[in-house]
Amino acid sequence: MEKLKQAVKEIAYYRHQAKFSKLHLSLIPFLSLASSLYGALLYIRQSLYRSGFFSKNRLPVPVISVGNLTWGGNGKTPMAEFIAKRLADYGISPLILTRGYAGGDEAKMLKRHLLGGPVKVGVGANRVATANLFFEKYGYVDYRGSKFFERTYLDPKMGSHVGSQKIGAAVLDDGMQHWSLCRDLEIVMINGLMPWGNCKLLPLGPLREPLIAIKRANIAVVHHADLVLEQKLKDIKLVVQEIKESLPIFYTRMTPSYFFELRNISTKMHLGAVLDAVVLCVSAIGSPYAFVRAMEKIGPLFVDRFDFSDHYSFQLKDIHMMRGRLRQLEDKFGYKPIVIVTEKDYDRDPEILKHLHPFKVLVLCSEMQIIPCNGCNEDSFKSLLKELLEV
């Protein structure tokens, strides 16, 4: 199954069919048919919402949607967390709504990051029902309009000013195609490393919707921009502005902060802990290249990698395969290599990773940062959020 998923991903992102194997070529007719059916169903569903046949729900607080047009690696969940923390800094208690897809690794990560703070995390496919449960438990305050922005004038450097558990805003993680819920602000995330692929709809290509859907967005964010050549960033900007010329574009990166050990998550280890070490990067995320590049920049002696499909749950057979690779690295370099995983991989199933003993397993913790570019920085991002929500 993993080989099949990898072949489908390669078809979606590689334009030159001359490099395709027999497996790739045999899949294309079936993927083309499925893509056509998906496109037809997508059009019907959108039409039913536009006509009012399917109703939309509105929450009693402002809703900020963070979504994307392609599968995996776009930084939706880090951006949802980034926005929620900024709202909390300004005195507003936010609720992140996430569906908890594929075992809920991202939801678990959010809860671990935000435990004990004013940000709440609601998990469930029915976002409206999930939100209503939190409103019943904590209450809500509608800060839309002047009251909302009177709160935002508080100085965030003084720390959180949240004086009430009442929810003042909702952040919709992976919300761009969740049309049943009205939103006040739409943010579209773009994976700078692999923006559009072959520009085909799922499953022949990576697109959940045609690119014209960018018109619905209020803000575009190009993620992993630090790993992309300047010309490619210009090409992405050109595509976006051809669809919506006035759309503000920001650029983000994931910046490594520290490690923690698999068996002791409360201890923070400096990034220098892997200097001159041999490491094996193991990940089942949307953009493994970004993870590996981040590790290479830290400065280990040698970096090897095992990549699995996004949200994949490691099995014992995978552990045996990893142990085999680790023994090869140990024989080659003369000392034990270190396994590095992402937080998503840790939160998906920390127990199975313990089977890698006696090899050490470290978890890389990173945070999203806005890259200053052409006057666009974190301050201007927050100001734009304020301005757009006010309108």
Which whole-number percent is the relative contact order of the chain (Cα, under 8 Å, 6+ apart)?
-> 19 percent
Extension reserve of the Ser380-Leu247 stretch, reckoned as 0.36 nm per residue once the Cα distance is removed = 46.5 nm
Protection-proxy order for peptides 168-176, 47-55, each taking the mean of Cβ atoms within 10 Å per residue, highest first = 168-176, 47-55
Kindly state, to the nearest 0.05, the FRET efficiency for Asp142 paired with Glu351, given R0 = 45 Å and r defined as their beta-carbon distance.
-> 0.60
In the chain, taking the dipole from +1 charges on Lys and Arg beta carbons and -1 charges on Asp and Glu beta carbons about the Cα centre, the listed residue (Leu211, Ser287, Ala7) farthest towards the positive end is Ala7
Per-pair calculated FRET efficiency, R0 = 41 Å: Asn132 and Lys297 via Cβ, rounded to 0.05 = 0.40
Under 5 Å, built H, 5+ apart or other chain: amide partners of Ile96 | Lys120, Val121, Gly122, Val171
Answer label, with Kirkwood radius over Cα pairs in Å calculated from the coordinates and candidates [x] 23.6; [y] 20.8; [z] 22.4 = [z]
Report the full-extension gain for the segment Met269 to Ser47: residue separation times 0.36 nm, less the Cα-Cα distance, to one decimal in nm.
-> 74.7 nm
Given charges at beta-carbon only (K, R positive; D, E negative), |dipole| of the stretch 57-140 in Debye | 60 debye
Please get the size of the charge dipole for the chain, origin at its Cα centre, with Cβ charges of +1 on Lys and Arg and -1 on Asp and Glu, quoted in debye to the nearest 20.
-> 660 debye
Projected onto the charge dipole of the chain (+1 at Lys/Arg Cβ, -1 at Asp/Glu Cβ, origin at the Cα centre), which of Ser309, Tyr43, Trp71 gives the Cα projection farthest towards the positive end?
-> Tyr43
Report P(r) for the stretch 20-119: all Cα-Cα distances, bin width 5 Å, range 0 to the bin holding the largest distance, values in whole percent.
-> 2, 9, 13, 15, 15, 14, 12, 9, 6, 3, 1, 0
What is the fewest-to-most order of His223, His355 by other Cβ atoms lying within 10 Å of their Cβ?
-> His355, His223
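All of the numbers you see were taken from the coordinates with simple rules; none came from a lab. Quick caveat, the model's predicted, so the values are computed rather than measured. Note: ideal-geometry Cβ built from the backbone for every residue, glycine included; neighbour counts use all protein chains shown.
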